[in-house]
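Okay, so here's the structure we're looking at.
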Amino acid sequence: MAKKNLDWGNIGFSYMPTDKRYVSNWKAGAWDDGALIDDPNVTLNESAGMLQYCQQVFEGLKAYTWEDGSVVCFRPDLNAERIYNSAKRIEMPPFPKEKFLEAIDAVVKGNIDWVPPYGSGASLYIRPYEFATGVVIGVKPADEYQFRIFTTPVGPYYKGGANPIAIIVSDFDRAAPRGTGAVKAGLNYAMSLHSSVLAHSAGYAENLYLDPATRTYVEETGGSNAIFVDENNTLVVPKSPSILPSITRRSIVYVAEHYLHLKVDERPVKFSEIKGFKECGLCGTAAVISPVGRIVNGDEVINLPSGMDKAGEVIGELYDTLTGIQTGKKEAPEGWIRHIC
């Protein structure tokens, strides 16, 4: 195995084409065998269901190089389950879960030289996605689909890595009540782009969305779930049917309870409660956990006691423990690590 000649510690979080990608097509009611291909381009008919009615779902996970040189993935079975459920919600034929895992293995092995070396702080980001290729003009599901996986080496999602960020409460809603907020579909993220641009132009790293019905409860951000730590060191996790079921968040809850022996309180969280919390973090595959030091809502500025200089004690311990599991420094719960090669 010969790693690519890259400055692994400074690659940032952006797309870099790698050698292979996986492709499988659904036609006449069945998925084909699938294969690795070289071409990174997708060709679609102008009236493809993806282009006309946004029939698309996707996932994100990472591969890591461990100290012994082995390459692993973190909980890909949960990604297989989530994209399966997302596809059903968008009226798409779900990609078989076991075949999903086999495809992950194949595409990582096909790009093994692009998996960042141990200790670089980087990882191989893996993007599985499914979209409608069949031609439609009336509003209805398409009759043909394609499932693909590409990879790209990445560094930290937010500039500065695990340093605290400032976020702002959005004036817009992320999802509708009883809508698709819990589905990992491109259409949800398209809705967040305008408010994301506004936030970035105002100097904030992310938006925090409130519940669309009453705008009093915390939902999530444009790309991550939110977690909080109260004055008693209880991990407070917002709960809502329109919050995406983050694999990272679920892993953090387990780590908090079984590794750090913290109390975890998963429940609806009012925005007004944040003033009584001492720490906040944003969690997801891309960022793992990014500490938040400041939250702004109109004229109200909430400076969390953990501050803007470094992560709070609990958020820092959660980050170190979870990344330690992912990178092989700490023993993982059974079934969390898939050894690829």
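The GluC sites (Glu not before Pro) of region 213-292 that meet both conditions, a loop assignment by DSSP and at most 10 other Cβ atoms within 10 Å of the site Cβ, are Glu231. Largest to smallest in accessible area, the residues Trp26, Trp8 fall in the order Trp26, Trp8 (1.4 Å probe, all protein chains included).
Cross-link reach is defined here as a Cα-Cα straight distance under 20 Å, omitting same-chain residues fewer than 8 places apart; for Lys109 the aspartates and glutamates meeting it are Asp19, Asp33, Asp38, Asp39, Glu59, Glu67, Asp68, Asp77, Glu98.
Quick one: which of Lys88/Lys275; Lys27/Lys184; Lys270/Lys329; Lys4/Lys62 span more than 29 angstrom between C-alpha atoms?
Too far apart for the 29 Å limit: Lys88/Lys275; Lys270/Lys329.
Accessible surface comparison of Tyr15, Tyr22, Tyr189, Tyr157, probe 1.4 Å, protein chains only, largest first: the order is Tyr15, Tyr157, Tyr189, Tyr22. What does the C-alpha gyration tensor say about the overall shape of region 178-237? Classify as rounded when a/c is under 1.5, otherwise prolate if a/b is larger than b/c, or oblate. Oblate shape, in that a/c is at least 1.5 and b/c is the bigger or equal ratio.
Considering only His261, Ile340, Gly49, and ranking their Cα positions along the charge dipole of the chain that arises from unit charges at the beta-carbon of Lys, Arg, Asp and Glu, the one farthest toward the positive end is Gly49.
Calculated mean residue ellipticity at 222 nm for the chain: -7000 deg cm²/dmol, from DSSP H runs with n ≥ 4 weighted as -39500 (n - 2.57), summed, divided by the residue count and rounded to 500. Rounded to the nearest 20 debye, the dipole magnitude of region 1-109 is 220 debye, with +1 charges on Lys and Arg beta carbons, -1 on Asp and Glu beta carbons, and the Cα centre as origin.
Relative to the globular-protein estimate of 2.2 N^0.38 Å, the Cα radius of gyration of the chain stands at 0.99.
Counting other Cβ atoms within 10 Å, which GluC sites (Glu not before Pro) in region 65-156 have at most 14 and lie in a DSSP loop?
In loop regions of region 65-156 (DSSP not H, G, I, E or B), the sparsely surrounded GluC sites (Glu not before Pro) are Glu67, Glu91.
Put the Cα centre of region 288-341 next to the Cα centre of region 121-158 and the gap is 27 Å. Show log10 I(q)/I(0) for region 119-271 at q = 0.10, 0.18, 0.19 Å⁻¹, two decimals, from a solvent-free Debye sum over equal Cα scatterers. One equal scatterer on each Cα of region 119-271 leads to -0.46, -1.31, -1.38. Of the GluC sites (Glu not before Pro) found in region 302-341, those that fall in a DSSP loop while having at most 10 other beta-carbon atoms within 10 Å are Glu334. Given +1 at the Cβ of Lys and Arg, -1 at the Cβ of Asp and Glu and no other charges, the dipole of the chain around its Cα centre is 200 debye to the nearest 20. Spin-label model, Glu331 to Asn25: label points 7 Å out along the Cα-to-beta-carbon direction sit 4.9 nm apart. The order of Ser240, Ser224 by accessible area, most exposed first and with a 1.4 Å probe, is Ser240, Ser224. Using a probe of 1.4 Å on the protein chains alone, the accessible area found for Phe172 is around 100 Å². Between region 194-244 and region 1-50, the alpha-carbon centres lie 31 Å apart. Could you give log10 I(q)/I(0) at q = 0.15, 0.17, 0.22, 0.30 Å⁻¹ for region 1-54, computed by the Debye formula over C-alpha point scatterers of equal weight, without solvent? Normalising to I(0) and taking log10 leaves -0.72, -0.83, -1.05, -1.22.
The values are calculated or read from the model by the stated rules, or taken from the named source; none is laboratory data. Model, not experiment: these values are computed from the prediction. Cβ coordinates were reconstructed from backbone atoms using ideal geometry, including for glycine residues, and neighbour counts include every protein chain displayed. All accessible areas refer to the heavy atoms of the entire protein, side chains included, with ligands and DNA or RNA removed. Shrake-Rupley method; radii C 1.70, N 1.55, O 1.52, S 1.80 Å.
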